[in-house]
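Structure, as structure tokens:
Read-outs: derived from the displayed coordinates by stated rules, not from any lab. The structure displayed is predicted, hence computed values, not measured ones. Please note: Cβ atoms are built from the backbone with ideal geometry, for glycine as well, and neighbour counts cover all protein chains shown.
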Amino acid sequence: MAFLFSIAALVPLNSKGHYIHWHFIDISVANLIVIVLIVVTFIAALLAPFPGRRRRKESHE
Amino acid sequence: MNNAEIDRQWTTRLRRRVEGKLPPEKLLPDTQPSYVASWIYVFGVATLASLGVVIATGCILALRGPQWWHGSPYGHFVNSLHLWSVEIFFFTMVIHLWGKFAMAAWRGGRTLTWMTGVITFLTSIAAAFTGYASQSNFDSQWITTQAKDGINATGAGAYFNVLNLGQMLMWHIVLLPIAAVLLTALHVLMVRIKGVVPPFEDSASPARESLPVSE
């Protein structure tokens, strides 16, 4: 349990949130991180090789 | 009862129609087209898996109640599992949506597959928002007092009162989960009936190799 508390302390969730203001855009850092992670994961899903894809194609040729 | 009468029964006609549209080998296929071996096709089933965790943790929260999820370590743990499975649910669903949009996944008579996905997405957003309103803490009080002005501006406030905790909780744990699960089931059945949408270059050639699912 103490280990779990030490992990939780790495990200203080009870403090005031951080926001980014740019012209009319007003977004929390947490939401921005999630959006960036989704974009990065989407690009990785398109480009990353799927395990065994080459082997499957060869075995069916 | 003779054969003609049996053929006219609605149960007989329905069964034959279902058997024609969705035979067992199509409902639970042994193989998938080779183009499915890509990470972008994984996010649909990842969304399904996270929905399963959302429903399971939601059932545990419903069994134990707010005092438990606010006041005990295990309650906090299950509450967090519920939150983070929802985060992963939307994370994977957005990537699934972007991928299918880029593939124009409504091609080949898949309009109903696409539209059930759209409605499921909107229903899930409503389920998530009523979840914020159902936390029964200061956070939910703040969120609902902010949300009421937006809802009232649409004219729906008389029927959908976000300050009414009982109403929001019922929407969150009864109506919207039933809708989301039924729509998801319909969406998956449509995928099984019509098949996974092929890439653009493959859609012109109907003859494609099929690969075993388990490999």
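Bridgeable lysines around B:K148 (alpha carbons under 27 Å apart, same-chain partners fewer than 8 residues away excluded): A:K16.
Considering segment B:1-100 at the alpha-carbon level, its Rg and Dmax are found to be 21.6, 66 Å. Phi angles of segment B:81-92 translate, via the Karplus equation with coefficients 6.51, -1.76, 1.60 and θ = phi - 60°, into HN-Hα couplings of 4, 4, 4, 6, 5, 5, 4, 5, 4, 6, 4, 6 Hz per residue; Gly and Pro are given as x. For B:T31, the residues whose modelled amide H falls within less than 5 Å of its own, excluding neighbours fewer than 5 places apart on the same chain, are B:V213. Residue-wise HN-Hα couplings along segment B:41-54, as the Karplus relation 6.51 cos²θ - 1.76 cosθ + 1.60 with θ = phi - 60° gives them from phi, are 7, 7, 6, x, 6, 5, 5, 4, 5, 5, 4, x, 5, 4 Hz; Gly and Pro carry x.
Using only helices, what value at 222 nm comes out for chain B when you add -39,500 (n - 2.57) per DSSP H run of length 4 or more and divide by the total residues, to the nearest 500 deg cm²/dmol?
On the way: 11 runs with 149 residues, N = 215.
Taking each H run of at least 4 residues, the total per residue is -22000 deg cm²/dmol.
Per residue of peptide B:37-43, the mean number of Cβ atoms on other chains within 10 Å of the residue Cβ is 6.
Listed by chain and number, the lysines whose alpha-carbon sits under 25 Å from that of B:K194, ignoring those within fewer than 8 places in the same chain, are A:K57, B:K21, B:K26, B:K100.
Would you kindly calculate the translational diffusion coefficient of segment B:10-65, applying Stokes-Einstein with the Kirkwood radius from alpha carbon pairs, for 25 °C and a viscosity of 0.890 mPa s, and quote it in µm² s⁻¹ without decimals? Before the final figure, lay out each step's value.
Working: Rh = 14.9 Å.
Using the Kirkwood radius from Cα pairs, D works out to 165 µm²/s.
Summarised in one figure, the compactness ratio Rg/Rh of the protein assembly as shown, Cα atoms and Kirkwood Rh, is 1.03. Derived scalar couplings between HN and Hα for segment B:178-187 equal 4, 4, 5, 5, 5, 5, 5, 4, 5, 4 Hz in order, rounded to whole Hz, by the Karplus curve 6.51 cos²θ - 1.76 cosθ + 1.60 (θ = phi - 60°), x for Gly and Pro. Over the Cα atoms of segment B:38-197, the radius of gyration divided by the Kirkwood radius equals 1.01; this is the Rg/Rh ratio.
Neighbouring Cβ atoms from other chains, within 10 Å of the Cβ of residues in A:37-44, number 4 on average. Compute the helix-to-body angle for B:10-21: its Cα long axis versus the longest principal axis of chain B, expressed 0 to 90° and rounded to tens. Here the helix axis deviates by roughly 80 degrees.
For segment B:53-82 versus segment B:104-161, the spacing of their alpha-carbon centroids is 22 Å. Comparing B:S140, B:A127, B:L165 along the charge dipole axis of the protein assembly as shown, the residue lying farthest to the positive side is B:A127, per the Cβ-charge model.
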